[in-house]
1. Among the helices (runs of 4 or more DSSP H) contained in region A:37-149, which hold 2 or more residues that are closer than 25 Å to A:Cys214 by Cα and of a type outside the set (Lys, Arg)?
2. Farther than 15 Å from A:Asn234 by Cα, more than 18 Å from the chain's Cα centre (by Cα) and among the basic types (Lys, Arg): which single residue out of B:Lys94, B:Lys107, B:Lys88 fits that description?
3. Restrict the check to region A:243-251 and report whether at least one residue is more than 25 Å from B:Leu58 (Cα to Cα) and crowded, with 22+ Cβ neighbours inside 10 Å.
4. Of the residues B:Gln78, B:Gln83, B:Gln118, only one is closer than 21 Å to A:Pro243 by Cα and of a type in the set (S, T, N, Q); which?
5. For region A:176-199, name all the residues that are of a type in the set (Gly, Ala, Ser) and part of a helix (DSSP H, G or I).
6. Could you list, in sequence order, all residues of region B:139-169 that are surrounded by 16 or more Cβ atoms within 10 Å (Cβ to Cβ) and part of a helix (DSSP H, G or I)?
7. Name the residue, out of B:Leu115, B:Leu178, that is of a type outside the set (Val, Ile, Thr) and either under 21 Å from B:Pro44 (Cβ atoms) or assigned to a helix (DSSP H, G or I) (or both).
Amino acid sequence: MERNLHYLKGSFLKDRLFANNFIITLLFVLLALAPLFLSDFRTNLLGKFIAYAILALGIDLIWGYTGILSLGHGVYFGLGAYCMAMYLKLEASNGKLPDFMSWSGQKVLPWFWKPFVYAPVAIILSVLVPAILALIIGYLTFKNRIKGVYFSILTQALSIIFVVLFVGQQAYTGGTNGITNFKTIFGFPLSSSSTKVTLYYVALGFLILAFLFCRWIVQSRFGKVLIAIRDSENRARFSGYNPAIYKTFVYCISAGLAGLAGALFVPQVGIISPAEMGIVPSVEMVIWVAIGGRGTLVGAVIGAILVNSLKSMVSEGFPAAWSYFIGISFVAVVIFMPYGLAGLLNQIKRKIYTQKSVKQYSSAALNILEESGCDEYVG
Amino acid sequence: MLDAICGRVKPAEGKIIFKGIKDVTEMSEHQIVELGIGRKFQVPSVFMGITIYENMELAAARKRSLYSTLFTKLSKEQMERIQDVLQKIGLYEKRYRTPAALSHGEKQWLEIGMLLVQQPEIMLLDEPVAGMGRKETDKTGRLLKEISEKCSVIVVEHDMEFVREYADKVTVLHEGRLLDEGNMHEIQENPKVMEVYLGRGGEGCD
């Protein structure tokens with residue numbers, strides 16, 4: 001009987017795992033087929049949302065799994081985007097000084113712009129620069145046990161600092177306008193539809209890789225330590241884990257993913273400005289994850305794509321209504337679905353499976369009773 | 001005092017020497033755990049978001065670096081130990097559930113179990129039977145008695161009946177100083193202890 005129940009429980013778990021895999025596979029297949037049905041403009045837009053989904057995965061790791069609310073992820077996204085934008089700008093200006101630099105009276109290319117002539121360097125740095133900044137900030141804060149609201153406020157301050165810095169240093173960063181007017185990427189014209197579709201699939205490829213990477217992380221014992229830190233940091237500490245190291249590491253991964261998202265965002269959208277790094281976009285990013293469902297990777301991806309799709313639909317129809325709309329939906333989600341859409345899905349699934357397993361259990365119980373010769377109970 | 005030994009608070013002065021070599025006041029909490037000092041808090045604190053088995057896994061792992069949590073699995077011997085302990089604390093059947101489904105007493109046992117798979121040399125427990133019924137208290141007592149055959153168990157407890165039944169050696173502290181030490185019978189006969197813990201009440205009555 002023990003063995004029988006064990007088998008049932010195993011298949012129950014497998015069913016749920018299968019359902020989760022099914023949803024995410026379906027989502028990826030739909031995204032892969034989408035360009036066949038959508039106009040170039042829509043495909044491009046969806047490609048941007050895919051970049052956002054990568055960022056949402058990063059936020060989910062740090063917030064959903066580890067319980068640390070970062071309200072400054074725009075900075076990491078922006079840094080990744082600027083790294084890529086510097087490469088694109090240099091390619092567009094054909095070895096000459098970028099236009100905005102000459103407007104601000106800059107005569108020579110600043111030293112830190114020089115490595116960005118090379119595409120591989122730019123791509124690698126777009127992940128590394130955010131990760132290293134996160135390493136420094138994370139190490140200092142987590143080691144000193146700054147947490148909760150204090151950490152969130154700190155990340156907001158970081159966001160303000162970077163916006164001010166990037167607006168102020170016009171000669172190096174393009175100021176408020178940011179960096180724009182790109183022409184080609186690796187020699188292919190950005191305006192052509194084949195380049196756009198290719199960029200879309202590159203973004204989708206990276207999203208799938210990022211998803212598999214994050215799933216590997218959360219399913220390993222490392223992922224369980226993250227949840228342990230979220231649930232009871234003290235207990236984790238007295239189980240022999242050093243939370244500061246784990247938090248710093250996951251913060252770096254999260255920032256790296258945000259940087260990657262930024263690097264995929266820029267060639268598709270064609271501009272990066274300090275506005276993208278501000279507090280408002282940073283908070284919006286957290287809302288995507290909240291609506292999609294924190295603590296599940298599927299939720300983060302769905303949240304980012306769905307909320308942004310709604311955003312573009314609502315703002316096309318009623319330009320002024322968007323901010324009310326997102327505000328209301330956020331409040332509604334917090335009150336009615338604390339675990340977001342993914343939580344809702346899980347609830348429905350659980351209902352279906354409990355009914356199913358009740359049937360299985362009862363038939364198994366009948367079998368056992370019959371085997372042990374307790375016919376009178378069965379009858 | 002338990003907080004000072006396990007590194008949660010740093011004493012203003014003085015040293016705590018473990019096994020005659022290491023001064024634990026200089027070390028951080030997770031290093032102290034590596035030394036073999038396990039700590040349980042008064043309020044049950046287990047990880048609610050992962051299954052009971054995973055709770056045990058985290059505690060049982062000997063290597064707790066980033067690398068090993070990402071790339072290594074537990075050894076066969078560690079997994080067997082987890083199963084043994086789960087049987088002992090009576091949670092084996094529920095191992096794939098999350099601790100949210102457990103009662104207060106069961107959570108306490110889980111936490112004790114987590115300490116146990118850490119294989120500490122000394123186990124510090126802060127009021128492990130607070131909030132438990134008689135039956136649960138007895139079970140906890142038997143569990144601790146069994147554990148104490150393999151490692152030292154230090155319990156801070158106000159439940160005198162529990163202490164009388166299960167303690168080998170009782171230490172009475174008063175205002176941070178040692179008042180008396182011995183078996184329960186000796187302690188109860190000590191006039192100083194009676195004065196401090198019973199006497200004042202008596203005076204009040206007069």
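1. Those helices (runs of 4 or more DSSP H) span A:40-59, A:73-92, A:119-143.
2. Of the residues listed, the single one that is farther than 15 Å from A:Asn234 by Cα, more than 18 Å from the chain's Cα centre (by Cα) and among the basic types (Lys, Arg) is B:Lys94.
3. No, region A:243-251 has no match at all.
4. B:Gln118
5. Within region A:176-199, A:Ser193, A:Ser194 qualify.
6. Answer for region B:139-169, where residues must be surrounded by 16 or more Cβ atoms within 10 Å (Cβ to Cβ) and part of a helix (DSSP H, G or I): B:Lys139, B:Thr140, B:Gly141, B:Leu143, B:Leu144, B:Ile147, B:Phe162, B:Val163, B:Tyr166.
7. Of the residues listed, the single one that is of a type outside the set (Val, Ile, Thr) and either under 21 Å from B:Pro44 (Cβ atoms) or assigned to a helix (DSSP H, G or I) (or both) is B:Leu115.
A quick yes/no check of all residues on (1) among the charged types (D, E, K, R); (2) touching a Phe, Trp or Tyr at 6+ places or on another chain (Cβ under 7 Å):
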{"site": "B:Thr25", "(1), (2)": "no, no"}
{"site": "B:Met48", "(1), (2)": "no, no"}
{"site": "B:Leu70", "(1), (2)": "no, yes"}
{"site": "B:Glu77", "(1), (2)": "yes, no"}
{"site": "B:Asp84", "(1), (2)": "yes, no"}
{"site": "B:Thr98", "(1), (2)": "no, no"}
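The values are calculated or read from the model by the stated rules, or taken from the named source; none is laboratory data. Predicted, not measured: the structure shown is a model, and the values here were computed from it. All Cβ positions, even for glycine, are placed from backbone atoms using ideal geometry, and neighbour counts span all protein chains on display.
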